[in-house]
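See structure below.
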Amino acid sequence: MSRVFVYGTLKKGQPNYFRMFNSTNGKAEFLGSAFTSEKYPLVIAGKYNIPFLLNIPGQGHRVHGEIYKVDDKMLNFLDDFESVPTMYQRTLAKLEVKEWVGQTEGEETLSPGNITEAFVYSTTTYQPDWPSLPSYESYDSHGDHGLEYVTREARD
Ligand code: PCA
């Protein structure tokens, strides 16, 4: 089992959320919501309006997301879906808990304000102009930015 912090299209209400709850991809369980302890730029880039957390600590915002407990099958699925290691790199990030609901056996119980760690899909290999794009604290594909995510199924 591993923990993954999702901040983009995998969050609840976002276009790829359903993929984490397709049992053929493995298992995922919501543990809680959190902010990154450090600031990072969360930008929307490329012709498909993909959200990227740039691995530039100290710049941007403390990014909001959700922590899930995933089995190895789901972790492999997500690595593949996020094109690790070419498009995203999976690294550990420090997080500050906002809300915690995880009650499973073997899982620690955390409270708001506690610091924890989880894997995050961030990128160290970005285009030179990406760090100067607008950055967001909380991703929403349907936000006022107007940069709606183009799903895999809709790409040509
Ligand atoms: N999916 C991953 C990384 C960005 C994205 O769209 C996530 O939601 O965390």
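The values are calculated or read from the model by the stated rules, or taken from the named source; none is laboratory data. Note that this is a predicted model, so its numbers are computed, not measured. Cβ coordinates were reconstructed from backbone atoms using ideal geometry, including for glycine residues, and neighbour counts include every protein chain displayed. Protein only, heavy atoms only, side chains kept; ligands, DNA and RNA dropped before computing areas. Shrake-Rupley method; radii C 1.70, N 1.55, O 1.52, S 1.80 Å.
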Does segment 75-90 contain at least one residue that is open to solvent by 60 Å² or more (accessible area, probe 1.4 Å), touching a residue at least 24 places away in the same chain (Cβ under 8 Å) and more than 24 Å from Val150 (Cα to Cα)? no
Please give the number of the condition Ile56 fails out of (1) modelled with pLDDT of 95 or more; (2) open to solvent by 40 Å² or more (accessible area, probe 1.4 Å); (3) over 14 Å from the mean Cα position of the chain (by Cα). (2)
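Would you mind finding the one in Glu117, Glu148 that is within 27 Å of Lys69 (Cα to Cα), charged (D, E, K, R) and touching a residue at least 60 places away in the same chain (Cβ under 8 Å)?
Values: Glu148 fails: within 27 Å of Lys69 (Cα to Cα).
Residue meeting the stated conditions: Glu117.
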Given (1) farther than 14 Å from Gly8 by Cβ; (2) open to solvent by 50 Å² or more (accessible area, probe 1.4 Å); (3) in contact with a strand residue (DSSP E or B) (Cβ under 6 Å, 6 or more places away or on another chain); (4) touching a residue at least 40 places away in the same chain (Cβ under 8 Å), identify the lone condition not met by Pro134. (3)
I need the full set of residues from segment 3-42 which are within 11 Å of the ligand (Cβ to nearest atom), touching a helix residue (DSSP H, G or I) at 6+ places or on another chain (Cβ under 9 Å) and either assigned to a strand (DSSP E or B) or among the β-branched types (Val, Ile, Thr) (or both), in order please. Val4, Val6, Thr9
